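Okay, structure first, notes after.
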Amino acid sequence: GVKLLLHGLCSNTTVKSLDLKGNNLRTMGAEALGKLLRQNKSIRSLILEWNSLGMWEEGFSFFCQGLGANNFLQRLDLRNNQINHQGAGELATALKQNASLQELDLRWNNIGLLGGRALLNCLHSNKTLKRLELAGNNVPSDILKAVEQAMDHNRDRQTILSETQNRTYILSKEVLSLKDEKTKQFLDLMDTIDKQREEIARSGRMSAARVSQLQEALDEQHSIMNSLKAKLQMTEAALALSEQKVHNLGELLNATKQEQTSITERHFTELQQQKQEGADREGKLLRDLSAASEKNLLLRNQEKKQDQLFQVKQDLTNTTAELKLRAVQAEERLEMEKRRFKQSLEDMESLRLKEVDHMAQHIENSERSMQDRIQRLEAIRIALEEELSQVKAAALTERGQAEEELIKVRNQARLEEQQRLEHLEEKLRLMTESRDEAQNCCLNQKQMVAEAQAKANQLSLHADGLRRRLEELQQDLNSKEEEKVTEVNKMKVALQEQIGHLQAERTAQEGLREKIAALERQLKALSSNHREALLDKEGEISMLLEKLRVKEADISRMREEEAQRASFLQNAIMAYVQGSPLGTHGSRK
């Protein structure tokens, strides 16, 4: 049963203490115990009291071999196991190999003098055993004292080792904590440097994107200017043709000039007033644009750059929309003036009333259609702005779609305007036969030239403003780059200071290492002193043993002499008794 139990415990990893006291274990049990000690790595305490293991020499030797191979057992109780000096010798060889046993109880066995000497000799190589009980084993007192001294030496050695291990553990912890702190500080510095670099790169990218967008806006404005110049050239060519027609019709117009001068002067004054109002409004718009640009510059450091670009685009779209609305209003005013002029000329043009009415109706229909289209475009723009304000997450895709739609609408508007202009040109060609139509064409063309010149001036002013904005942006970029360079220099100085601190701490750590080396040297010196003291004590013990042997030899000699004396006395007494008359009388009888 014990064999099966110990075989099952060989692979167990939870049992820490095993008590088999008084189980009458024999050879098979001792061998099973040896196998258990070889394989098991969890048992720390083993109690085998009252089992008579010393009677079975082969099993006990196998048990001792298992004990020598074990490096986990800390306490072993072998009381009352009838262990003789041979078993003690085997235990001594096992203790020389074992490096974990701390307590061994061998009380009430038959170890004797030889077993005690064997155990004492094994203690020179075993430095882990702290407690060895040898009472009731017929071991001399000097050996017991030497064993106690060896145990005290092992205890002192263990305490010193534990203290040094604790000190080294504490110092290593402190060193590791210092290393961790320094590594954390260094990593934090590197993270801050990386973040600053990323911010610098991001700001550079955003500024480059903004500059590219502004460049695109300038290119668009240049294209618009070129288109306006082309229109001006076309209008100049049309003016040249109309002037030729006017020269042809000049003789017919001389009579009507006197009547029309007053009307033209009145219209001219009204046009000047309108131009002044337009100039005032344009000045207000320029002021609003400058204020908006200043606001954008103020909000550029607070808000995100994408929102700023979006606001700039919105401002540009709003300004373009306002300009278009003003152009439409100017056209409406011009049309109102045309109507008034037509009403004033109705008396003179009784023959062409039907044609004028037809043209007026057609113009009104075209204006209504254009107004409806403008309202639709405004509704689409408002809807797009609301959708853009609601859906900021999908701003890029919706922005692209809105821009595409706006481009399509602009293209459609341009096509419609071109068609309308072609239609009007055809009608004007038909109206060139009459002097009224020629005069109207001349006035319209002059007004278009003035408006185109005003638009060209506005666009040139806008282009100058954009150029100034680009220069300001470049100045801001230069200032930011200088600030970044100063920050990088500051970070370099801080890193150098921290490197100096780290070097100082490294020197402190080297000092700690030197202290640790000094402590280790002191420990080595103490261990050497202890060894020398042990050697001296061993020499004294050997001298005492020699003296004991001499004394034992003297005692044995004295005993032999006393035995010889006693035999001599006995022989003498016997001879005296035989030589006396009592002895002769007794022999006769």
query = Here are some pairs, LYS3/LYS41; LYS313/LYS427; LYS275/LYS338; LYS96/LYS537; LYS179/LYS492; which of them have Cα atoms lying more than 28 Å apart in this structure?
reply = LYS313/LYS427
note = Net charge (Lys, Arg +1; Asp, Glu -1) of residues whose beta-carbon lies under 13 Å from that of GLU335, GLU335 excluded, is +2
task = Please work out the average accessible area per residue across the chain, using the 1.4 Å probe convention, and give it in Å².
result = 67 Å²
Distance between modelled label sites at ASN24 and VAL175, nm, 7 Å Cα→Cβ extension = 6.1 nm
message = For the stretch 1-138, take every pair of Cα atoms, bin their distances at 5 Å starting from 0, and report each bin as a whole percent.
response = 2, 12, 22, 27, 22, 11, 4, 1
ask   = What number, rounded to the nearest 500 deg cm²/dmol, is the helix-based mean residue ellipticity at 222 nm of the chain, given -39500 (n - 2.57) per DSSP H run of at least four residues and division by all its residues?
value = -30500 deg cm²/dmol
key: Positive-pole candidate from HIS362, GLY68, GLN419, dipole of the chain, charges at beta carbon   = GLY68
request  = First select every other residue whose beta carbon is under 11 angstrom from the beta carbon of ARG44; then total the charges, Lys and Arg +1, Asp and Glu -1.
outcome  = +2
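Got the relative contact order for the stretch 1-139 handy, in percent, Cα pairs under 8 Å and 6 or more residues apart? Walk me through the numbers before you get to the answer.
Values: 312 pairs, mean separation 28.0, N = 139.
Relative contact order here is 20 percent.
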remark   = Square roots of five times the C-alpha gyration tensor eigenvalues of the chain, ordered largest first and given in whole Å, equal 133, 28, 13
query = Nearest 20 debye, what's the magnitude of the dipole of the chain about its Cα centre given +1 on Lys and Arg Cβ and -1 on Asp and Glu Cβ?
reply = 4500 debye
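Compute the FRET efficiency between LEU519 and ARG468 as 1/(1 + (r/R0)^6), taking r as their Cβ-Cβ distance and R0 = 51 Å, and round to the nearest 0.05.
The value I calculate is 0.10.
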inquiry  = Let me see the P(r) profile for the stretch 496-545: every Cα-Cα distance counted, bins of 10 Å, each bin given as a percent of all pairs.
reply    = 23, 23, 19, 14, 11, 7, 3, 0
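Express in nm, to one decimal, how much length is gained between LEU461 and LYS184 on full extension, taking 0.36 nm for each residue of separation and deducting their alpha carbon distance.
Length difference between fully extended and current span is 94.1 nm.
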inquiry  = For Cα pairs less than 8 Å apart in space and 6+ apart in sequence, what is the mean separation divided by the residue count of the chain, i.e. the relative contact order in percent?
reply    = 8 percent
inquiry  = Whole-Hz ³J(HN,Hα) for each residue in the stretch 183-190, computed from phi via Karplus 6.51 cos²θ - 1.76 cosθ + 1.60 with θ = phi - 60°, x for glycine and proline: what do you get?
reply    = 5, 5, 4, 5, 5, 4, 4, 5
Spin-label proximity, ASP194 to the stretch 492-517 - amide N less than 19 Å from point 7 Å beyond Cα toward beta carbon = 492, 495
task = Under 17 Å from a label point 7 Å along Cα→Cβ of THR93: give me every residue in the stretch 42-58 with its amide N that close.
result = 54-58
key: Dipole magnitude of the stretch 4-109 about its Cα centre (Cβ charges: Lys, Arg +1; Asp, Glu -1), debye to nearest 20   = 300 debye
Contour minus Cα-Cα distance for GLU417 and VAL577 (0.36 nm per residue) = 40.0 nm
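The values are calculated or read from the model by the stated rules, or taken from the named source; none is laboratory data. Since the structure is predicted, the reported quantities are computational estimates derived from the model, not experimental observations. Here Cβ is always computed from backbone atoms with ideal geometry, including for glycine, and neighbour counts include all displayed protein chains. With ligands, DNA and RNA removed, areas are computed over all heavy atoms of the protein, side chains included. Shrake-Rupley method; radii C 1.70, N 1.55, O 1.52, S 1.80 Å.
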